[in-house]
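First up is the structure itself, then whatever we jot down about it.
The values are calculated or read from the model by the stated rules, or taken from the named source; none is laboratory data. Fair warning: this is a prediction, and the values are worked out from it, not measured in the lab. A quick note on method: Cβ atoms are made from the backbone with ideal geometry, for glycine too, and the neighbour counts reach across all protein chains shown. Calculation scope for accessible area: heavy atoms of the full protein, side chains included, ligands and nucleic acids excluded. Shrake-Rupley method; radii C 1.70, N 1.55, O 1.52, S 1.80 Å.
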Amino acid sequence: MAASIRPLLRRAIRSSHRNVGVAAAGVAGRSGCCRAPSTCRCFGDVAGDRSTHFGFETVPESEKAKKVYKVFENVAQKYDTMNDAMSLGIHRLWKDMLLHAMRPQPGVHLLDVAGGTGDIAFRFLEYVRAQRERQKRRAPSWRDISEDEDEVAPRESRAVVCDINKEMLRVGKRKADSAGISAGLSWVAGDAEELPFGDDLFDVYTIAFGIRNVTRIDQALQEALRVLKPGGRFMCLEFSKVTNPVLSRLYDEYSFKMIPVLGEVIAGDWKSYQYLVESIRKFPDQEEFKHMIEDAGFYCVKYHNFTGGVVALHSGFKL
């Protein structure tokens with residue numbers, strides 16, 4: 001039945017050209033239309049024959065993953081401290097807004113890619129726990145009472161944190177142990193471009209501040225599509241292009257002059273945070289990334305700018 005309905009949904013979406021807007025309090029947002037993905041799939045030659053960027057440096061594709069791995073291995077112990085220092089704590093609000101946009105219900109299975117220190121997974125598990133508690137406190141309806149006899153145990157919510165960097169995973173596991181978080185949580189070492197999971201497994205795929213570090217973004221998006229169930233949602237929180245010219249100049253000044261200094265003072269690593277600043281500038285802007293997500297096969301792709309476009313949240317669905 002579901003298989004027969006899915007083509008009808010796709011045709012309905014293709015015929016729709018209206019914008020889909022979602023307003024978020026306190027953020028400037030922009031949505032794309034709910035359009036069908038392009039049928040074009042443009043993959044290049046093998047990695048060994050191509051070059052890519054590592055910050056502002058041009059490197060062979062085969063070398064980028066090793067360089068990125070070294071960056072995060074170096075900064076893992078101070079990663080969370082540096083996030084607070086660089087963003088003045090605002091990264092916590094951005095991640096909270098991701099969860100409020102997701103609005104996961106109890107029983108949802110989440111895959112958080114490049115989620116090393118666990119920030120998204122911890123928020124997800126707390127959110128669904130609070131949702132379940134609210135449901136328990138709610139007065140039962142006549143339907144709830146009539147269905148008591150057929151009631152089965154609710155599906156457990158699960159969060160799988162997948163990260164290529166084992167040092168980042170170790171830091172995340174320590175945080176979980178310290179906070180007493182274990183139920184419904186697992187940790188997997190894996191590459192976003194070749195995920196170690198079967199097809200159609202997860203309800204939601206998230207990647208926060210990680211996709212710009214991937215060598216082949218198109219391949220990572222195809223993997224996200226593969227592991228999501230039909231109806232599953234892709235959500236990406238990433239640094240983007242600032243929309244206000246005055247804010248953009250101030251942001252550039254702060255980024256290039258202050259963030260590497262903070263990296264040296266707090267983490268003892270200037271170069272890694274110089275790479276971080278440069279990698280943000282090399283990442284596609286909001287519209288270009290939206291089209292990349294659509295080309296990967298996602299539908300109803302839209303985005304919302306946070307803090308004037310410093311960060312954007314992109315989302316789309318697998319049908």
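Brief remarks on what is shown
- GLU194 of a type in the set (Asp, Glu) and either within 22 Å of LEU98 (Cα to Cα) or touching a residue at least 40 places away in the same chain (Cβ under 8 Å) (or both): no
- Test: residue in region 153-165 that is among the acidic types (Asp, Glu), out of contact with any strand residue (DSSP E or B) (no Cβ under 6 Å at 6 or more places or on another chain), at pLDDT below 95 and open to solvent by 30 Å² or more (accessible area, probe 1.4 Å): yes
- Only a single item in (1) in contact (Cβ under 8 Å) with a residue 24 or more places away in the chain; (2) surrounded by fewer than 21 Cβ atoms within 10 Å (Cβ to Cβ); (3) within 30 Å of GLY231 (Cβ to Cβ); (4) not hydrophobic (A, V, I, L, M, F, W, C) is not met by HIS314, and it is number (2).
- Residue match in region 178-188 (condition: open to solvent by less than 10 Å² (accessible area, probe 1.4 Å), among the aliphatic types (A, V, I, L, M) and modelled with pLDDT of 95 or more): no
- Selection from region 235-247 of residues that are touching a residue at least 40 places away in the same chain (Cβ under 8 Å) and out of contact with any Asp or Glu (no Cβ under 7 Å at 6 or more places or on another chain): MET235, CYS236, LEU237, GLU238, PHE239, VAL242, THR243, ASN244, LEU247
- When each of ASP203, ASP199 is tested for being of a type in the set (D, E, K, R), closer than 19 Å to ALA114 by Cβ and either in a strand (DSSP E or B) or modelled with pLDDT of 95 or more (or both), the lone residue that passes is ASP203.
- Of all residue pairs spaced 6 or more apart or on separate chains, those with beta-carbon atoms under 9 Å, a first member in region 76-88 that is within 14 Å of VAL265 (Cβ to Cβ) and open to solvent by 50 Å² or more (accessible area, probe 1.4 Å) and a second member that is of a type in the set (Asp, Glu) and outside any helix (DSSP H, G or I) are LYS78/ASP269.
- Residue within region 134-144 that is modelled with pLDDT of 85 or more and among the small types (Gly, Ala, Ser) present: no
- Of everything in region 206-219 that is part of a strand (DSSP E or B) and touching a helix residue (DSSP H, G or I) at 6+ places or on another chain (Cβ under 7 Å), the residue that is farthest from SER315 (Cα to Cα) is ALA208.
- Evaluation of LEU319 against the conditions (1) surrounded by fewer than 20 Cβ atoms within 10 Å (Cβ to Cβ); (2) in a strand (DSSP E or B); (3) not polar (S, T, N, Q) shows that the sole unmet condition is (2).
- Residues located in region 61-75, provided they are of a type outside the set (Lys, Arg) and open to solvent by less than 40 Å² (accessible area, probe 1.4 Å): GLU61, VAL68, VAL71, PHE72, VAL75
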